[in-house]
Amino acid sequence: MIPVPVVVTVLGGWCAVYLADTLLKSSNSLKASYEDWLLTYGLSVSPFHLRWQTALFNRQFYNWGRWKPKFLYLWFSIGMVFGIVAMFGSVILLGKTLLQTLTQMLTEAPKAQNDRMLQVVVSVPSSGLCLRTVPGVNLPISQLTYFFSAILISGVIHEVGHGVAAIREQVRFNGFGIFIFIVYPGAFVDLFTTHLQLISPVQQLRIFCAGVWHNFVLGVASFMVLFLLPAILFPFYYTGVGALVTEVAEDSPANGPRGLFVGDLVTNLQDCPVYNVEDWNSCLGDISEKSQVGYCVSAATLQQLSFPARVYRRLDGTVECCSNNSLTDICFSYSNKLDSHMYACLPARKVIEASKVCRTNMDCHKDLVPSFCVTPSLENQTRLIRVKHPPHIDMLYVGHPMHLQYTVSLSSFVPRQNFLSINLPVVIETFCKYLISLSGALAVINAVPCFALDGQWILNSFLEATLSSLIVEKQNRELVGFLILLAGSALLAANVALGLWMVTAR
């Protein structure tokens, strides 16, 4: 749930802004000067919506719009084709997403979602932003800076596309602006509507598709930076040697004197080598899915270390044979020729540090010394994981593997010099991922043939350009467009409603 202080702060802030605006506009002595001030700075205030518009950037927009006309013609023509394809593709994508969501809702055990994927949840007019990401619900507070910065940059690039394309098509450009809707930032351009209506449908398509096209290009550019980041940062950071710990949460089970610390380099999880963060996640996933590995212990060592203990079964059927007060001993199970269910309470570190990993006794029979494969007897989802982070002593972690994944932050980039920040590559990586996700989502959702989104104008111009000879009456073409927009809006609204339900109700 969204934290109550955040809700109170947002609602209180907007109430204060709207109350101040109302009082100033109702004051006989201050009304004229206040309205002049708003007009001078291009500001407008309405409930949960603050807008700023300026003509300061008009000259720059005109310079961009008149730069290399042939190149811009080709650029925005490609964007027009992309926008039309995206319009049809977005309908297919939303339809598929809706079916998957309905299927997931009807199943008793819903399929796990990819937390990295951003899906439909809330629509913001003008920016067209629709995502299944709600700050404070399934978006960490620490990620808000990335989230809102990526939204703003994606919105600005989107509107720059519209503005430059409009100037290229000889449409008058009145100004550029930024707005805040509740907590979501966005951007807009003010174009002369009469000029837009006078140009041909194909020219209109170049303008209306330019925003979607620029968001797609921004997403591709961000992906390229993310892909080439090891090469870009090579003079300062090296990769492929392990996963560098950048943060350990205070409540993490990896905390402690023999745990992980910022700056540690993890090289192995059990017998799974770790060369980067992807390996870390992959190894933890494998450890979670597979059964607990065992460790080869000689018969003499087993007899020396073990001591008599009472054996009892847990509620899930697993066996415990150590005292609940012990912090260093773990119950191990093993089998011999006479009995396949032997248990021994052993000091975990002494058993593991000098042992090799095994699955059965056969894995331990390579040496002449009689040995057994002893396996930690733990609850079903609990694992004993040996984490190597030289030159420090190995960390022995007992718990669910995903708890370790969620509470430890790592980076694949290791600084070549001590004065270099270990967080810089993480910041660049995270920001690129947000740009890819949010700019891509903005491109897809804005292309949907839906009222108040770019898809509405793309559809209308597309129908005018393609159906004028088939449907002569303009009213009939408008009726066809209206019905398609109605269906597209219903499809988007259904995704939004179900997306909100999936985020908040589950």
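Taken together, the values in this text are just the output of simple stated rules run on the coordinates, not laboratory data. From a predicted model like this one, the values you see are computed outputs, not experimental measurements. Note that each Cβ is placed from the backbone with ideal geometry, even for glycine, and that neighbours are counted across all protein chains shown.
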Could you give each residue of region 41-46 its phi-based ³J(HN,Hα) in whole Hz, using Karplus coefficients 6.51, -1.76, 1.60 with θ = phi - 60°, and x for Gly or Pro? 9, x, 9, 9, 10, 9
Cβ-Cβ cut-off under 14 Å around W75, Lys and Arg +1, Asp and Glu -1: the net charge is +4
Which order do the peptides 291-297, 234-240 come out in when sorted by mean C-beta neighbours inside 10 angstrom, highest first? 291-297, 234-240
Excluding same-chain residues fewer than 8 positions from K350, which lysines have a Cα within less than 28 Å of its Cα? K290, K337, K366, K388
What 222 nm value per residue comes from the helices of the chain, counting each DSSP H run with n ≥ 4 as -39,500 (n - 2.57) and dividing by all residues, nearest 500 deg cm²/dmol? -16000 deg cm²/dmol
Would you please calculate the Kirkwood hydrodynamic radius of region 268-308 over all C-alpha pairs and express it in Å, rounded to one decimal? 12.4 Å
Among L302, F216, A249, the residue whose Cα sits farthest towards the positive end of the charge dipole of the chain, when +1 is placed on the Cβ of each Lys and Arg and -1 on the Cβ of each Asp and Glu, is F216
Alpha-carbon Rg with Dmax, taken over region 4-47, Å: 12.6, 38
Determine the shape class of region 359-506: with a ≥ b ≥ c the square roots of the Cα gyration tensor eigenvalues, call it rounded for a/c under 1.5, and otherwise prolate if a/b is greater than b/c, oblate otherwise. prolate
Top positive-direction residue, dipole computed over the chain with Cβ charges, set V357, F431, L102: F431
Under-5 Å amide H pairs with R383, H placed in peptide plane, nonlocal only: G399, H400
Considering every pair of different Cα atoms, what Kirkwood radius, in Å, is found for the chain? 27.5 Å
With only alpha-carbon pairs counted, each pair once and no self-pairs, how large is the Kirkwood hydrodynamic radius of region 236-324 in angstroms? 16.6 Å
Take each of the peptides 64-71, 442-449, 166-173, 401-408, average the number of other beta-carbon atoms within 10 Å over its residues, and list them starting from the highest. 442-449, 166-173, 401-408, 64-71
Cα-based Debye curve of region 399-463 sampled at q = 0.17, 0.18, 0.19, 0.26 Å⁻¹ gives log₁₀ I(q)/I(0) of -0.76, -0.79, -0.83, -1.04
Might you report the magnitude of the Cβ-based charge dipole of the chain about its Cα centre, with Lys and Arg at +1 and Asp and Glu at -1, to the nearest 20 debye? 580 debye
Step by step: find N for region 1-115, compute 2.2 N^0.38 Å, then divide the Cα radius of gyration by it. What's the final number? 1.81
Whole-number percent relative contact order across the chain, with pairs defined as alpha carbons under 8 Å at least 6 apart: 20 percent
If I take every Cα pair under 8 Å that is 6 or more residues apart in region 293-377, average their sequence separation and divide by the length, what percent do I get for the relative contact order? 43 percent
Over region 293-377, what portion of Cα pair distances is larger than 15 Å, expressed as a whole percent? 55 percent
Kirkwood-based Rg to Rh ratio, region 300-445, C-alpha trace: 1.15
